[in-house]
Amino acid sequence: MTTTSASSSRRRFSGAGRPWIPYAFVAPFVILFLVFLVAPIVVGVVNSLFSRQSSGLGFGGSSIEFAGLDNFFRAFADRDFLLGFPKVLLYGAVQVPVMMVIAATLALLFDTALVKAKRFFQFALFLPYAVPSVIAALLWGFLYQPSVSPILQFLSSLGIDANLLGPGTVWWSIGNINLWSLIGINMIILFAALQSVPREMYEAARIDGAGEIRTALQIKLPMIAPAVLLTTLSSVIGTLQLFNEPQVLQSITSNIPSDFTPNMAIYAASTLGKDPNLSSAMAVILGLATLIVSLILLAANRRTTKAASDGI
């Protein structure tokens, strides 16, 4: 092929003369991003700055008036809404590390030659993630009710009276649903990251006398630190936005009030309280709290990574 024909082919396949082609490929993502992410945030922020005021004695209709930060002051004065934050943070402080340890352990096991039928077990662990969270909560809610649960009935026959929806156990029951649903996807992400680690590093570690556990802790996990951070961040964000599981279980237990979590308090203010402006302010506060926690985790990870690199 001559130089002229080669350059002509490059021009033909590079889209010369049609600069709109790259934008056409990007346009669907941009449109969906603006419609389903940016637009709801803008609408929520705008709604939080207004309030509905009744005119006269309430028979003359209502009007929308600019309220400034009044809705935010009302949200911060709502004690039940604020108490939801330490609840979910304490819940996440237990649930997230447990889930990450189990997911990382499973990923490391699948990365060795010890586990047979890896595809089958990976699919079996991933399958609960494909079940919608509402359906998962309904399934486990069935198993949590003593009158219909075969597990609790079996334990009762042994003289063990277990109340999985009691005041002291309901959080553990919710955490069990989340672990069942999310361990598989986190394991898959970590396992995929392990596949990109050069195998020569493992061979060098074995030559130096490192066993499987030492190789996993000192080589494999540090090499997939970005994937660990990604899964941890997504788990923390999901914890702060906890809603589906307690909302479903609320129908079968009195130990889950309508303001059990911040997201449930937002839903209650919008539906039961019929105050969408207040709920928008609460949603903005929850979004900012999630952003702050994420930035703190990123800063802590950056500091740890820098300290480790300086130590080397």
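The values are calculated or read from the model by the stated rules, or taken from the named source; none is laboratory data. Computed from a predicted structure; not experimentally measured. Neighbour counts run over all protein chains shown; Cβ positions are idealised from the backbone, glycine included.
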Residues that are in contact (Cβ under 8 Å) with a residue 24 or more places away in the chain and polar (S, T, N, Q), drawn from region 279-298: S280, T290, S294
Within 29 Å of L249 (Cβ to Cβ), buried (at least 20 other Cβ atoms within 10 Å of the Cβ), touching a residue at least 24 places away in the same chain (Cβ under 8 Å) and of a type outside the set (K, R), is that true of G141? yes
Restricting attention to region 68-79, does a residue exist that is in contact (Cβ under 8 Å) with a residue 40 or more places away in the chain and in contact with a strand residue (DSSP E or B) (Cβ under 7 Å, 6 or more places away or on another chain)? yes
Can you name the residue in region 241-255 that is surrounded by fewer than 22 Cβ atoms within 10 Å (Cβ to Cβ) and hydrophobic (A, V, I, L, M, F, W, C) and is also nearest to V88 (Cα to Cα) among such residues? F243
Looking for whichever is of a type in the set (S, T, Y), outside any loop (DSSP other than H, G, I, E, B) and buried (at least 21 other Cβ atoms within 10 Å of the Cβ) here; the options are S280, S234. Which one fits? S280
Report the residue count in region 152-168 for those that are surrounded by 16 or more Cβ atoms within 10 Å (Cβ to Cβ) and free of Cβ contacts under 8 Å to residues at least 60 places away in the same chain. 2
I need every pair where a residue in region 111-122 that is on the phi < 0 side of the Ramachandran plot has its Cβ under 7 Å from the Cβ of a residue that is at pLDDT 85 or above and not basic (K, R), sequence separation at least 6 or different chains. D111/F191; D111/L194; V115/L109; V115/F121; K118/F110; Q122/F110; Q122/I188
Keeping to region 147-186, report how many residues are part of a loop (DSSP other than H, G, I, E, B) and closer than 19 Å to I102 by Cα. 0
Select from region 147-180 the residues that are touching a Phe, Trp or Tyr at 6+ places or on another chain (Cβ under 9 Å) and of a type in the set (G, A, S) and write down the one among them that is modelled with the lowest pLDDT. S149
Identify the single condition in (1) touching a Ser or Thr at 6+ places or on another chain (Cβ under 8 Å); (2) buried (at least 18 other Cβ atoms within 10 Å of the Cβ) that N263 does not satisfy, given that it satisfies every other one. (1)
